[in-house]
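Accompanying notes for the structure given below.
Throughout, read-outs are computed from the coordinates displayed, never taken from laboratory work. Keep in mind the model is a prediction, meaning the values are calculated, not measured. Quick reminder, even Gly has a Cβ in these numbers, built from the backbone with ideal geometry, and neighbours come from all protein chains shown.
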Amino acid sequence: NLERRLKDEPLDGTIGIGHTRWATHGVPNETNAHPHFSNGVAIVHNGIIENFAELRDELIRDGYSFSSQTDTEVVAHLVAREIAKGLKPVEAAHKALKRLEGAFALAIMFKGDEDLIVGARNGPPLAVGHGDGEMFLGSDAIALAPFTNSITYLEDGDWAVVRRDSVAIFDIDGKKVDRKRQQSLSTSFMVDKGNRRHFMEKEIHEQPEVISHTLAHYVDFVSGVSKPLDLPFDFAKIGRLAISACGTAYLAGLIGKYWFERYARLPVDIDVASEFRYREMPLSANDAAFFISQSGETADTLASLRYCRKAGMKIGAVVNVRESTMARESDVVLPTLAGPEIGVASTKAFTCQLSVLASLAVRAGVARGTIS
């Protein structure tokens, strides 16, 4: 449908933003689709603005009218209002960002300035892609892979002024910060259906290969022993293990709990990540925690990881994306090596998570003297 529409109404230009998004506020229709606009400001948004109702009421009192049911439109109006007061686009965006509460990855564009996109991250991932005379914003390295493998990841609270040949990154107070530029391992050819009807079918058939890659990362099949792994804790010395995850990853953790308890005699607490930090379980700095996520960006799982980090626990991240936020904030990354998973129903990522947990349970059993 979009291809047909673009044939009738072609777009041109040298700068653009777009977003494929499920509706969180309002029905999924064209009016609620992104981008959203206000007086020369265009915006796309991933996440939820928690205080949007309060901001919307304030903007309506100021004479702004809303054409959509979304939470996102308030951000466009907030930025446009600051520009109307005389602020330049970058200053207006910064001032508007300070009013927002909730989770957001934002890209903001301004009519009349074809060399500027302002990006911001608070929760959902956002990365800057570096090109030759061109720059990109995307949710992750896979999204940017067709264009560049030179990536800078924004951290929570960061906002970026992206121009065609440069990027400047600031914290929420407007102070300039340095973020590491790195080469991504993601490549665009990996995101391809091959000769399969859809991604899920392809990913089901990839399981034997990716499970083999994952197991071979942890186990030496020739000598029949675990490969060296630089863990930040000793399985023999910890009293408990906490596991937390969401969705399918949580199901993998449930199975992992049986393995750790059966083969290593290691007690395991497991929680859905959205409940973990609210249960206020007693945590010990002498124990360890594993967090499981395909993307390494799952918001509730990341929040639980940070909760354990504050308690002084040693953290392991079982993730499929080694450059993800969870990986960067963990003491040890335990990769699943599944490659990109595009299908919504998890297949190969799930079985690779099980492969990692099985390998770790065996390692723990040996360390604790419960198996040979």
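What list of ³J(HN,Hα) couplings, whole Hz, do you get for the range 76-91 from phi and the Karplus terms 6.51, -1.76, 1.60, once you set θ to phi - 60° and write x for glycine and proline?
So the Karplus estimates, Gly and Pro as x, are 4, 5, 4, 5, 4, 5, 5, 5, 4, 7, x, 6, 6, x, 5, 5 Hz.
Taking neighbour counts of Cβ atoms within 10 Å as a proxy for exposure, in what order, fewest first, do GLU114, GLU323 appear?
Ordered by Cβ neighbours within 10 Å, fewest first: GLU114, GLU323.
How large is ³J(HN,Hα), in whole Hz, for each residue of the range 285-296 in order, when computed from phi with the Karplus curve 6.51 cos²θ - 1.76 cosθ + 1.60 and θ = phi - 60°, using x for Gly and Pro?
Working through the residues one at a time gives 5, 8, 9, 10, 9, 10, 10, 10, 7, 5, 7, x Hz.
What is the gain in length, in nm to one decimal, between HIS213 and THR31 on full extension, counting 0.36 nm per residue of separation less the C-alpha to C-alpha distance?
Contour length minus the Cα-Cα distance gives 61.0 nm.
Would you please give the FRET efficiency between GLU101 and SER372, computed as 1/(1 + (r/R0)^6) with r the Cβ-Cβ distance and R0 = 45 Å, to the nearest 0.05?
FRET efficiency, GLU101 to SER372: 0.25.
From the cross-link list LYS237/LYS348; LYS7/LYS193; LYS237/LYS257; LYS193/LYS348; LYS176/LYS310, which pairs have alpha carbons spaced over 22 Å apart?
Result: LYS237/LYS348; LYS7/LYS193; LYS176/LYS310 exceed 22 Å.
Starting from the 7 Å offset along Cα-to-Cβ, what nm value, one decimal, do you get for the label separation of THR24 and LYS111?
Spacing of the two 7 Å Cα→Cβ label points: 2.7 nm.
Using amide H atoms built in the peptide plane, which far-off residues or other-chain residues are under 5 Å from SER184 H to H?
HN-HN under 5 Å from SER184: SER150, ILE151.
Pop out the ³J(HN,Hα) list for the range 106-115 in order, Karplus 6.51 cos²θ - 1.76 cosθ + 1.60 with θ = phi - 60°, rounded to Hz; leave Gly and Pro as x.
Once θ is set to phi - 60°, the couplings for the range 106-115 become 10, 10, 10, 10, 10, 4, x, 10, 8, 9 Hz.
Would you please give the FRET efficiency between TYR278 and GLU58, computed as 1/(1 + (r/R0)^6) with r the Cβ-Cβ distance and R0 = 35 Å, to the nearest 0.05?
0.70
Need one number: the % of Cα-Cα pairs in the range 29-126 sitting beyond the 15 Å mark.
Of the Cα pairs, 57 percent sit more than 15 Å apart.
Can you put LYS348, LYS314 in order, fewest other beta carbons within 10 Å first?
If I rank by nearby Cβ atoms, fewest first, I get LYS314, LYS348.
Ratio of Rg to Rh for the range 2-189, alpha carbon only, Kirkwood?
0.95
Grab the beta carbon distance between GLU155 and GLU134, set R0 = 25 Å, and tell me the FRET efficiency rounded to 0.05.
0.60
Check VAL219: other-chain or 5+ apart residues with amide H under 5 Å from its amide H, H built from backbone geometry?
LYS227
May I ask you to compute the full-extension gain from ASP192 to GLU329, defined as 0.36 nm times their residue separation minus their alpha-carbon distance, rounded to one decimal in nm?
Additional length available on full extension: 46.3 nm.
Would you grab the residues whose amide H sits under 5 Å from the one on GLY174? Only those 5+ places off in sequence or on another chain, please, with H modelled 1.01 Å from N.
Sorted by chain and number, the residues that satisfy this come to none at all.
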